[in-house]
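Participant: Starting off with a structure, shown below.
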Amino acid sequence: METIRATKPLTASGAMQYTFRGIPRQDGRVGTRNYLAVLIASNCAASAARFAAEWFDEDRMAEWPQVDGVLPLVHDVGCGMEMTGEPMDLLRRTLSGTIRHPNIAGAVVLALGCERNNVRAFFKQEGLQESRMLRAIVLQESGGTAGAVQAAREALLEMLPVANSQHRVEVPFSALTVGLQHYGTGAEKAIRDAAQALSETGARLILADSRGPGREAGPHPVYGVSPGAYRRYGELAGEERVTVMQAPENPVIATTGQLAAGASLVLAAFDHATDVGATAVPCIKLATAERSWSRVGMDMDMASCAKEQALRDVLPGMLEGYASGQPTLAEKAAAGDAEFIPWPVGVLV
């Protein structure tokens, strides 16, 4: 692995001043990518969402070079489930958090029309209002699949010039929110080191934890940091420097929750090899075992430790590049379209 050395100037206190080139949004947050998205109220509209988004291929997108793409963010729930209660609330806050995410410049939400997650009730509960950059389209009110797909494409075409007007500017690391995950004993230590390194740059952190909220804030037994708040899965992170979000030990489901919570980058450490990726939020994969790095290094973005430097010295410089638009290996492989999965509560633990 090529070692990246920190070259940023020092502050008066001796700490590195890290910045990245991000995309400012109206709500004050800063994105690391610039996407339009097609989401669904339920799995019943999944095919229509894909048809709408995939029409915007590389040739059509050439006219809007500042836009990273049009993403179909589909999932398997929203229809056969209770209309109230935590499972529905979790789905809705995950979808609304994704719609509001600073990496998403605009979104179309497709619905069949008779699903349990009624799109108008969803918008009302989450305080979402239709606008030029947010549209809700119902198949049963739009002439079926073909009519809804055409309406979605027309809405996206109206959004593209606005999204294309957004440009990257230099911002401090305090505008960066990083989701952290670990899978394995060595990975646990690596993420503790990463959390310490990133806390010194000013970046905000969202730590995925399977044990959930409800305890008094204090030193975390795994990460060794003192979180200011615990959050439910997919709940928007606040102003605290460190948030612990409940999530199952599943990297795809955890990444989806961290996306909804506001993470604009995700760093996941693995003892084992993986090719997991994600759309909407860049997912950087950290190999913490030599066997994983040697077997599938082409799928892993970095090793946990370079011989010349400790992780805490290498990591901020690497994340600066990814936050500024450098593609992760998953992004280069165009992987992640099928890896938007809100937590199906009661199925996974």
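Participant: Go through the stretch 25-45 and give me each residue that's surrounded by fewer than 21 Cβ atoms within 10 Å (Cβ to Cβ) and in contact with a Pro (Cβ under 8 Å, 6 or more places away or on another chain). Let's see the steps before the verdict.
Facilitator: So the first thing to find is which residues in the stretch 25-45 are surrounded by fewer than 21 Cβ atoms within 10 Å (Cβ to Cβ), and the list is 25-29, 43-44.
Passing the criteria: Arg25, Asp27, Arg29.
Participant: Hey, another quick one. So which residues in the stretch 1-30 are of a type in the set (A, V, I, L, M), in contact with a helix residue (DSSP H, G or I) (Cβ under 6 Å, 6 or more places away or on another chain) and modelled with pLDDT of 95 or more, if there are any at all?
Facilitator: So in the stretch 1-30, the residues of a type in the set (A, V, I, L, M) come out as 1, 4, 6, 10, 12, 15-16, 23, 30.
After this cut, where a residue has to be in contact with a helix residue (DSSP H, G or I) (Cβ under 6 Å, 6 or more places away or on another chain) as well, the list is 4, 6, 30.
Selection gives Val30 alone.
Participant: Please specify each residue of the stretch 120-149 satisfying the condition of being open to solvent by 20 Å² or more (accessible area, probe 1.4 Å) and in contact with a Gly (Cβ under 7 Å, 6 or more places away or on another chain).
Facilitator: Across the stretch 120-149, the qualifying residues are Met133, Gln140, Glu141.
Participant: Hey, Ala217 hits all of (1) modelled with pLDDT under 95; (2) under 18 Å from Ala323 (Cα atoms); (3) not hydroxyl-bearing (Ser, Thr, Tyr) but one; which does it fall short on?
Facilitator: (2)
Participant: From Glu154, Glu141, which residue is under 14 Å from Leu36 (Cβ atoms) and among the acidic types (Asp, Glu)?
Facilitator: Only one candidate qualifies: Glu154.
Participant: With respect to Glu115, determine if the residue is within 25 Å of Ser324 (Cα to Cα) and either buried (at least 16 other Cβ atoms within 10 Å of the Cβ) or free of Cβ contacts under 8 Å to residues at least 12 places away in the same chain (or both). Please lay out each step first, then the result.
Facilitator: On the way: within 25 Å of Ser324 (Cα to Cα): no; either buried (at least 16 other Cβ atoms within 10 Å of the Cβ) or free of Cβ contacts under 8 Å to residues at least 12 places away in the same chain (or both): yes.
No; evaluated as a whole, the condition is false for this residue.
Participant: When the stretch 132-183 is examined, which residues are found to be over 25 Å from Ala49 (Cβ atoms) and in a helix (DSSP H, G or I)?
Facilitator: Hits for the stretch 132-183 are Phe173, Ser174, Ala175.
Participant: Find the strands (runs of 3 or more DSSP E) located wholly in the stretch 31-129 whose residues include 3 or more that are modelled with pLDDT under 95, and list them.
Facilitator: On the way: elements: 35-40, 69-73, 104-111.
It comes to none.
Participant: Would you point out which residue out of Leu90, Leu71 is in contact with a Ser or Thr (Cβ under 6 Å, 6 or more places away or on another chain), over 21 Å from Gly143 (Cα atoms) and of a type in the set (A, V, I, L, M)?
Facilitator: Values: Leu90 fails: in contact with a Ser or Thr (Cβ under 6 Å, 6 or more places away or on another chain).
Going through Leu90, Leu71 in turn, just one is in contact with a Ser or Thr (Cβ under 6 Å, 6 or more places away or on another chain), over 21 Å from Gly143 (Cα atoms) and of a type in the set (A, V, I, L, M): Leu71.
The values are calculated or read from the model by the stated rules, or taken from the named source; none is laboratory data. If you're wondering where the values come from, they're calculated on a predicted model, not measured in any experiment. Note that we place each Cβ from the backbone using ideal geometry, even for glycine, and neighbour counts take in every protein chain shown. For the accessible areas, the whole protein counts, side chains as well, though only heavy atoms, and no ligand, DNA or RNA atoms are used. Shrake-Rupley method; radii C 1.70, N 1.55, O 1.52, S 1.80 Å.
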